[in-house]
1. Does any residue of segment 125-148 turn out to be more than 11 Å from the ligand (Cβ to nearest atom), on the phi < 0 side of the Ramachandran plot, among the polar types (S, T, N, Q) and part of a helix (DSSP H, G or I)?
2. If I go through segment 72-103 residue by residue, how many of them are farther than 27 Å from ASP230 by Cβ and within 16 Å of the ligand (Cβ to nearest atom)?
3. Quick test of your reading of the structure: PHE218 fulfils all but one of (1) assigned to a helix (DSSP H, G or I); (2) within 16 Å of the ligand (Cβ to nearest atom); (3) touching a residue at least 40 places away in the same chain (Cβ under 8 Å); (4) crowded, with 20+ Cβ neighbours inside 10 Å. Name the failing condition by number.
4. Has segment 189-205 got any residue that is outside any helix (DSSP H, G or I), within 12 Å of the ligand (Cβ to nearest atom), under 30 Å from GLY251 (Cα atoms) and modelled with pLDDT of 95 or more?
5. Is it the case that segment 255-268 has a residue that's modelled with pLDDT of 95 or more and within 15 Å of the ligand (Cβ to nearest atom)?
6. Would you point out the residue of segment 237-266, among those that are surrounded by fewer than 24 Cβ atoms within 10 Å (Cβ to Cβ) and in a helix (DSSP H, G or I), that is nearest to the chain's Cα centre (by Cα)?
7. Sort through VAL106, VAL158 and tell me the only one that's in contact (Cβ under 8 Å) with a residue 24 or more places away in the chain and closer than 30 Å to ALA229 by Cα.
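The values are calculated or read from the model by the stated rules, or taken from the named source; none is laboratory data. Just so we're clear, the structure is a prediction, and the values are computed from it rather than from any experiment. In this analysis, Cβ positions are derived from the backbone assuming ideal geometry, glycine residues included, and neighbour counts consider all displayed protein chains.
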Amino acid sequence: MFQNLSERLEAVYKKLKGRGKLKESDVDEALREIRVALIEADVSLPVIKDFLAQVREKSIGQEILKSLTPGHQMVKIVNDELEGLLGDEVSPIRFSDQPPTVIMMVGLQGSGKTTTVGKLARLWKKEGKNVLLVPADVYRPAAIEQLNTLGRDLEIDVFDAGDEKDPVAICTQAVQQAKKELRYAVILDTAGRQQIDEALMDEVRRIKEKVEPHEVLFVADSMMGQQAADIAKSFQDAVGIDGVVLTKMDGDARGGAALSIKNVTGKPIKYIGTGEKLDALEPFHPDRIVSRILG
Ligand code: GDP
């Protein structure tokens, strides 16, 4: 049966009642339990290794607080370290002082990019912001149709590229139009592929260079766990990202992707997707993910 981390550590420390300090051998036993919990949460191995080293350093020799059992004390240290890694604040989108704010969405096909465009646009429309959506996946007519349908349902304008087939030109023209129309924000829905490839990265990089977006948001499927972190790293290295949207958090993802992506890219997770419906988007609260990982 699955035990959460607090229960695991309680079991390890039951025998320690009455001791004053966390001893090296006791800490190592606890670290083994923490390692299992992090693996179950699908955190990537290099991240786990660094993390355990930090926790070890912080734990050994530490006085056990009177109010806590040794097990609880370890949980508190782990909790504080996880929050330290993930940051302890919500990271909002940075809107430009000079509209339109240009947001560029990047990520693999199926990660939830187009759905997230719809969710963000819906949110901002509700706040009275005037948004333009831009379908830039010229390779998949279905993707363009999907965004047009979203726009119709939400009553939000979608850029019409006409016969233009070059994604860089489409994005440039759309941003120019948004400037003319005094839009508050433009969201560029760039192409995804099933895998990372050079052509995709090159295209995304060229769009970024040309339109100079205020925010590049990487959209990741949390169900991919640690693999999502490798993909994030590729986008970070090839294009540069400013923040992350982690989708499908309503599935059985245990939160490992959040920790691995933050650790690997250093960029904040800004929103999480919690369902297929367009209102299923929440700002990312690091403390909630920490409790999800700790169980
Ligand atoms: P794209 O190829 O990256 O544009 O991905 P889509 O936006 O088309 O999404 C792929 C699938 O994931 C669709 O079936 C979406 O309904 C679904 N999806 C997107 N975000 C979420 C989410 O937060 N939770 C769940 N359960 N499904 C999602």
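1. Yes, segment 125-148 contains a residue that is more than 11 Å from the ligand (Cβ to nearest atom), on the phi < 0 side of the Ramachandran plot, among the polar types (S, T, N, Q) and part of a helix (DSSP H, G or I).
2. Residues meeting the conditions: 0.
3. (1)
4. Checked segment 189-205: at least one residue is outside any helix (DSSP H, G or I), within 12 Å of the ligand (Cβ to nearest atom), under 30 Å from GLY251 (Cα atoms) and modelled with pLDDT of 95 or more.
5. Looking for residues that are modelled with pLDDT of 95 or more and within 15 Å of the ligand (Cβ to nearest atom), one finds none in segment 255-268, hence no.
6. LYS262
7. VAL106
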